[in-house]
1. For chain A, list the cysteines whose Cβ sits under 4.7 Å from no other cysteine Cβ?
2. What does the charge dipole of the stretch B:335-430 about its Cα centre add up to, to the nearest 20 debye, if the Cβ of each Lys and Arg holds +1 and the Cβ of each Asp and Glu holds -1?
3. Helix-only mean residue ellipticity at 222 nm, the protein assembly as shown, DSSP H runs n ≥ 4 weighted -39,500 (n - 2.57), per residue, nearest 500. What is it?
4. Within the set of other residues whose C-beta is less than 11 Å from the C-beta of B:GLU32, count the net charge using Lys and Arg as +1 and Asp and Glu as -1.
5. Suppose each label sits 7 Å from its Cα in the direction of the beta carbon; what would the B:ALA227-B:THR273 distance come out to in nanometres?
6. Residue farthest toward the positive end of the dipole of chain B, with Cβ of Lys/Arg at +1 and Asp/Glu at -1: which of B:GLY20, B:ILE238, B:HIS370?
7. Can you tell me how much longer the chain between B:SER76 and B:ALA193 gets when fully stretched, taken as 0.36 nm per residue apart minus their C-alpha distance, in nm with one decimal?
8. Can you compute the FRET efficiency between B:ALA234 and B:THR359 using 1/(1 + (r/R0)^6), with r the Cβ-Cβ distance and R0 = 51 Å? Round to the nearest 0.05.
Amino acid sequence: MNPQPVTITFDGRPLTATAGQSVGAALASQGVTAWRSTRKGGKPRGLFCGIGVCFDCLVTVDGETNQRACLVEVCEGMEVEGS
Amino acid sequence: MSDAVSSSTISVDVAVVGAGPAGLAAAVAAAEAGARVAVVDAGAQPGGQFWRHARETVQPEAADDQPDGHGHHGWSTYLDLRARFDAAQRAGRITYLPGLQVWMAEPGFTLHTTPAVASSGTVPATVTASRLVLCPGGYDRQLPVPGWELPGVMAAGGIQAFIKANGVLPGKRFVIAGTGPFLLPVAAGIAEAGGKVLAVLESSAPSAWLPHLAAASGVPGKALEGAEYAALFARHRIPYRTRSIVTEVLGSGRAEGVRTAKVDAEGRVRPGTGRAYTDVDVVGFGWGFTPQMELPVSLGVDTRIDADGSLVGVVDERQQSSVPGLFLAGEVTGVGGATLAVLEGLAAGAAAARPDSTTPVKQPAAITRHRRFAQAMHQAHPVPAAWPDWLTPDTTVCRCEEVTAGEITEARDNLGARDARSLKSFTRAGMGWCQGRVCGFAAACLGAGPGEAPDAGSLAGSAKRPLAAPVAIGELAALD
Ligand SMILES: Cc1cc2nc3c(=O)[nH]c(=O)nc-3n(C[C@H](O)[C@H](O)[C@H](O)COP(=O)(O)OP(=O)(O)OC[C@H]3O[C@@H](n4cnc5c(N)ncnc54)[C@H](O)[C@@H]3O)c2cc1C
Ligand code: FES
């Protein structure tokens, strides 16, 4: 069975993902490795622990801030923004 | 987020936190012994870290026709436990609460939960139970190294989890480094999914295994796994370099390469052995695992330092902790792999279902055997004593608050901050979003000073977190 393609937007740009994937997976597998800047040093961050422990991967999902990209599952029309 | 949270209360005989190998086994054993059980798990579906699989809502077949191969050792054990878990749910003996994270546990026992994913629509529930089995597992242990905060650097287990859950790779060209047998399945998983593993760098040496072979031989399945990996590494031409480490991750704005070196038995870099790998896009680090001790510690269980230097809970032959009615199973009693976690879960669940049983219990021989094997693995794959020498003063240690190694050693040497808690107050290391889960072990080592290992007090201080998970203000307010 082929999982359904899903379209999300990342910072306004459309991005094709696969149903069942996490937001982090959708971004990283499309070559987007960083989507957040640190507060102090302004350094780029993306996935690190992959399992919801490190909070490096925070994104805004449909207006909800500070969501862990490695845990949130993509769905059609989801709007993802970096922070 | 500020809405008042409406949450239901569920009262059961036995509450289980975690639906990984230990938690599934505990829930099944307790339910089959006649108890009413509630299982709270942060994951969206059962399996925990080891049996993580594609979303069943999208790939239902992933739930049953997964080959019992290298990707999922013990998959048949999972299918058996899962069938019994589902049957107990249908019979109304198990209430399964996925997608919820326990952020506070009160003695007696009451569990407060919050959705793991805010947008999931999962409604939080409060669970009260007269017995509690904690099976929260663990996460990859990390040692900082220059450049490890660059995007593209991941936890080794995180890469494995990414592949298992999403069916895609987080990059194309990988270097995996750290120590322990777990680096093998990570590299194998990448290669089988079509990624290129440029090298696996193991800080220890195979000769370190030799004294421990007798213990390993008590667990025949492990020898078999070893042979499978050897064949797989040969087939995919994965170089396995022992006594080797990554000394620096290179790149601007993201990981692009690594510098590596050979080390001696203490982990000191051997001059003239440096080399570089370029054109790398993912670097995976794993230095064993850190058990998630915040819930056990918050409930006051007796702890000890295990052979791998981790803080773990002390249990008796029924898996009961020093707190009556509170049982522990899986990684929180000592990192030992999924098979041991299942055995402990079965023992804990059965005991929690029959707390008044006076029948003397003998620890199952299989548990003893697997513990001995785990012990041997920990001794063969220690965290190299000289690892702090790999850091430069401006190496980031606390990723959240961006605290450097220099700031930590200065707080230690000039302000006398020698344990994780005082380091936290002087430097903010461990004060950020992850509450020290990622840097806690490393910061405690640096605080202890050269050649010293952190003691249980320092590690327990680091595991003492006000909340086991970040929660919305509304949920705090709803408490009284
Ligand atoms: C990222 C990762 C990948 C791994 N991959 C492999 C592998 O491929 N092969 C291998 O041999 N070993 C692997 N391991 C080691 C393996 O996870 C353990 O040996 C085994 O899973 C331990 O079982 P457990 O039941 O103790 O814990 P886990 O399997 O970790 O299960 C614990 C469960 O508890 C949940 N939980 C934790 N805290 C809370 C809370 N506060 N509230 C609610 N739920 C909570 C977690 O979400 C998780 O579902 C991996 C470990 C990690 C961290
Ligand atoms: S990658 Fe660590 S929390 Fe998402």
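1. So, A:CYS57, A:CYS70, A:CYS75.
2. Dipole of the stretch B:335-430, to the nearest 20 debye: 640 debye.
3. Here the helix-only value at 222 nm equals -8000 deg cm²/dmol.
4. With Lys, Arg at +1 and Asp, Glu at -1, the net is +2.
5. A separation of 3.1 nm, rounded to one decimal place.
6. B:ILE238
7. Stretched out fully, the B:SER76 to B:ALA193 stretch lengthens by 40.0 nm.
8. 0.50
Rule-based calculations on the coordinates, nothing more; no lab input. Remember, it's a predicted structure, so these values are computed and weren't measured experimentally. Virtual Cβ from ideal backbone geometry, glycine too; neighbours counted across all protein chains shown.
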